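Rule-based calculations on the coordinates, nothing more; no lab input. Since the structure is predicted, the reported quantities are computational estimates derived from the model, not experimental observations.
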Amino acid sequence: MAAFIGFKDIETDDPKILLAKKPSGRYTLPGGKSRFWEKPMSTAIRETKEETGWKIYNSEYLISPTNNPVRIAADGFERDMYLFFGFTDECMDNNTPQHREPTKNAPWEWVSVRKIPTLVTTGQLHPMILKAELSNIVKEACEVCEQEIPPKW
């Protein structure tokens, strides 16, 4: 399995992450299962296009926090999940995701990263997202952009 974690507004005091709510009430990321011949990054790129309509045209801007997958338990099974981060203004030319799978989830929305701990503790977001070390990714991105780290981060 592989997932794409899309960020925007990284240079402001309110960076956002792309999420959609499933019928169960939990939030999800764009992503899914790898085909047997696919590499994890290819899965993340394909699933992102299928679910959001986004074509990631610059995969060199995708960041993987580790070469190893994150081990997660979901739907009664343990799985390996590869996570890839991208900043929408660098790896694609459109920040507006399409709602391409209406039977699977509600429309995609940009959610403040500050809400993530609350979403995890209330059971609305899988805790794997915390293993992804989002705060480090945001800090690294700000350093690369030569921006100050957003206050209250």
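Per-structure values
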read-out	value
Amide H contacts of residue 54 (H built 1.01 Å from N, under 5 Å, at least 5 apart or other chain)	98
HN-Hα J in Hz across the range 77-93 - Karplus 6.51, -1.76, 1.60, θ = phi - 60°, x for Gly and Pro	10, 9, 9, 9, 10, 9, 10, 10, 9, x, 10, 4, 7, 9, 9, 7, 9
Residue-by-residue Karplus 3J(HN,Hα) for the range 50-61, coefficients 6.51, -1.76, 1.60, Hz, glycine and proline x	4, 8, 10, x, 6, 9, 7, 8, 10, 5, 5, 8
Prolate/oblate/rounded label for the range 7-62 (Cα gyration tensor, a/c 1.5)	oblate
Residue-wise HN-Hα coupling along the range 18-26, computed from phi with Karplus coefficients 6.51, -1.76, 1.60 (Hz; x: Gly, Pro)	7, 9, 9, 8, 7, x, 6, x, 8
Under-5 Å amide H pairs with residue 106, H placed in peptide plane, nonlocal only	21, 22
